[in-house]
Amino acid sequence: MSFLTIENLNAMVGPAPILRDVSLSVEAGEVRGLVGESGAGKSMIGKAILGTLPGAIRITSGRILLDGEDLQAMCPRDRRRVIGAKAALIPQDPLTALNPSRRVGPQITDRLVDILGWMKSDAGHRAEELLDEVSIPEPERVMRAYPHELSGGMRQRILIASAFAAEPRLIIADEPTTALDVTVQKQILKLIRQMQARHGTALLFVTHDLGVVSKICQSLSVLFGGKVLEDTSVGDFFARPAHPYSAALLAATPKYTDPEASLTPVPETVIEAVQAEIEAHDRRQGHV
Amino acid sequence: MSDAPIYEVENLHLSFPDMAHKPLFGPAPRIEILKGISLTIPRGDVVGIVGGSGSGKSTLGRAMIRLLEPDSGAIRFEGQDITHLGEDALRPLRRRFQMIFQDPMSSLNPRRTVGAIIAGPLRLQGFDRVSQRVDQALDHVGLPRAFRKRYPHELSGGQRQRVGIARAIATEPDFILADEIVSGLDVSSQAQVLNLLDQLVKELGLTLAFISHDLSVIRRLCRHTLVLYRGEVVEYRETAALFEAPQADYTRELLDAIPLPDLDQVWA
């Protein structure tokens, strides 16, 4: 039994479908990549799991099972309790995700107090341990700092510490290194992988960067137009991508080790074929 | 034109006031961004400028096209010293060095049509046959002429960035500064824009400075690469040689940090 299972999830904004029969699963200890270009719906899947979809978006059918519990079947209050205890998010932009007017410490301990019902003092000690675990020097001092006093890499470490704080069994990382320099990105990716392995967490990693996928994921789902085109292991994906769109994405990604290779944009014919697939799906659903 | 380099930069220093540490009275202390940068760009070259955030790559680019005035040092554009030229004296030169910006959504006026956006600098510079030149610019970047009537929000990210390129090449410049122009694009649009730039440089005989944090993109496009670290040049060499045998520790660190879409890459 996978820790997270999504079955035939459909979501719409007004009359327009944005997720089309999405199915995927993540085992405990597994890292799955969610890959696609902008507008493919990769962040929407993360938000659907965490129950943070924007108000205009409705889930029309399908199930999200978290640790065997059907989130769609619960009342909102129970759903929040289950999600809060079992899942967490590492967001993209470490500056907007932290409250600029509060010190860093309380922003980490909140989760421990709210979700696990810890005493504030115990939570403070645990937060310091967590900061130490994500290699932040002088945790006591950083706990009292405001976000603007810290660099982007430090802030992202704090968000990682905070995501792992309440020992969630699933973490959704939404482009967590896009805002960072490559050298810092490398450190942060290694840190996420290390923390994930140590805690045995299931990790759903949203990214548009195939390079990052090859470094951190074991399996991946390729998305286009809210539809999963390919669900495969990372080894198979890079060796022999099954879907023409996957192959086209790989061919469009530059590699500094292979400068002579011509960069091919995703061909129109591939896009048209995928769009035809999507239209056929919408007809079956009765949207057209 | 002669074989003289299009740009010569000598010992360039530039600083900004640090308003966060300004005392109640008196001037704010200054933060030095560029710490003595020297470089020469030959005509027709494509130079990649890389470095981490805060390394001064955008500041250097903006000083070269004199959107910023340096504190000291010298910038010579085709032999002419433009380091401290006033705006009136710079105006006629502005036709000859243009810029393409990172985010086309904020650098294209949402209330003007594509045609009016491209025509803007042409009118300011007193060009004749403006309409015809707009069409030519659109042809060059591979957008249909009918796009003149459209507004930026009606275009995709890649198409918008082509409009930015069309506006820059419309005045027939000698030099173009492209500041992170593909970092907001999907890989497919990125590939299209890179191929387009490659082709334009050859067709129009442009000299291009291409600022990017992505070394794979630089490797693909640029003949020379300049690596900046905290306002200093750590390495400036032919791209192929630099990638094959990086001399500076920082360059090596940058190269090692790039995640290649390749499972065999050792990423220790």
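The values are calculated or read from the model by the stated rules, or taken from the named source; none is laboratory data. Just so it is clear, the structure is predicted and the values come from calculations on it, not from any experiment. Note that we place each Cβ from the backbone using ideal geometry, even for glycine, and neighbour counts take in every protein chain shown.
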**Request:** Look through region A:248-270, keep the residues that are more than 9 Å from every other protein chain (Cβ to nearest Cβ) and assigned to a helix (DSSP H, G or I), and return whichever of them is surrounded by the most Cβ atoms within 10 Å (Cβ to Cβ).
**Result:** A:Val270
**Request:** Output the qualifying pairs, or none if there are none: Cβ atoms under 6 angstrom, residues six or more apart or on different chains, first residue in region B:180-203 and over 26 Å from B:Pro42 (Cβ atoms) and touching a residue at least 12 places away in the same chain (Cβ under 8 Å), second residue surrounded by fewer than 23 Cβ atoms within 10 Å (Cβ to Cβ) and among the small types (Gly, Ala, Ser).
**Result:** B:Leu185/B:Gly157; B:Leu185/B:Gly158; B:Asp186/A:Ser38; B:Ser188/A:Ala252; B:Ser189/B:Gly157; B:Ser189/B:Gly158; B:Gln192/B:Gly158
**Prompt:** B:Thr251: within 30 Å of A:Lys215 (Cα to Cα) and in contact with an Asp or Glu (Cβ under 6 Å, 6 or more places away or on another chain), yes or no?
**Reply:** yes
**Request:** Please give the helices (runs of 4 or more DSSP H) falling wholly within region A:81-184 in which 2 or more residues are closer than 30 Å to A:Ile45 by Cα.
**Result:** A:104-116, A:120-133, A:152-165
**Request:** Report whether or not A:Arg198 is away from every other protein chain (no Cβ under 11 Å), out of contact with any Gly (no Cβ under 7 Å at 6 or more places or on another chain), closer than 21 Å to A:Gln185 by Cβ and among the charged types (D, E, K, R).
**Result:** yes
**Request:** Looking only at region A:213-247, count how many residues are among the aliphatic types (A, V, I, L, M), within 11 Å of another protein chain (Cβ to nearest Cβ) and within 17 Å of A:Lys42 (Cβ to Cβ).
**Result:** 3
**Item:** Matching residues in region A:167-180 - criterion: being crowded, with 20+ Cβ neighbours inside 10 Å and either over 15 Å from the mean Cα position of the chain (by Cα) or among the hydrophobic types (A, V, I, L, M, F, W, C) (or both)
**Value:** A:Leu170, A:Ile171, A:Ile172, A:Ala173, A:Leu180
**Message:** Here is a list: A:Lys227, A:Lys190. Which entry is touching a strand residue (DSSP E or B) at 6+ places or on another chain (Cβ under 6 Å) and charged (D, E, K, R)?
**Reply:** A:Lys227
**Request:** Kindly indicate the residue of region A:272-288 that is in a helix (DSSP H, G or I) and without any contact (Cβ under 8 Å) to a residue 24 or more places away in the chain and also farthest from the other protein chains (Cβ to nearest Cβ) among those meeting that condition.
**Result:** A:Arg284
**Complete:** Scanning region B:162-194 for residues that are of a type in the set (S, T, N, Q) and in a helix (DSSP H, G or I), the one nearest to B:Leu68 (Cα to Cα) turns out to be B:Gln190
**Request:** Would you please name the residue that is farthest from the other protein chains (Cβ to nearest Cβ), looking only at residues in region B:220-234 that are in contact with a Phe, Trp or Tyr (Cβ under 8 Å, 6 or more places away or on another chain) and over 18 Å from A:Gln185 (Cβ atoms)?
**Result:** B:Leu226
**Message:** Tally up the residues in region A:1-58 that are part of a strand (DSSP E or B), closer than 27 Å to A:Val266 by Cβ and of a type in the set (Ser, Thr, Tyr), please.
**Reply:** 1
**Request:** Take region B:248-268 and flag every residue that is of a type in the set (Asp, Glu), assigned to a loop (DSSP other than H, G, I, E, B) and within 7 Å of another protein chain (Cβ to nearest Cβ).
**Result:** B:Asp262
**Message:** Quick check on my filter: what residues within region A:231-263 are within 24 Å of the chain's Cα centre (by Cα) and acidic (Asp, Glu)?
**Reply:** A:Asp231, A:Asp236
**Message:** When you scan region B:70-84, do you find a residue that is aliphatic (A, V, I, L, M), over 30 Å from A:Val182 (Cβ atoms) and part of a loop (DSSP other than H, G, I, E, B), even just one?
**Reply:** yes
**Asked** Can you tell me how many residues in region A:93-109 are over 16 Å from A:Met154 (Cβ atoms) and surrounded by 18 or more Cβ atoms within 10 Å (Cβ to Cβ)?
**Response** 1
**Request:** Could you please tell me which pairs satisfy a Cβ distance under 8 Å, a separation of 6+ or placement on different chains, a first residue in region B:75-95 that is within 17 Å of B:Thr207 (Cα to Cα), and a second residue that is modelled with pLDDT under 90 and surrounded by fewer than 15 Cβ atoms within 10 Å (Cβ to Cβ)?
**Result:** B:Glu78/B:Met1; B:Glu78/B:Ala4; B:Gly79/B:Ala4
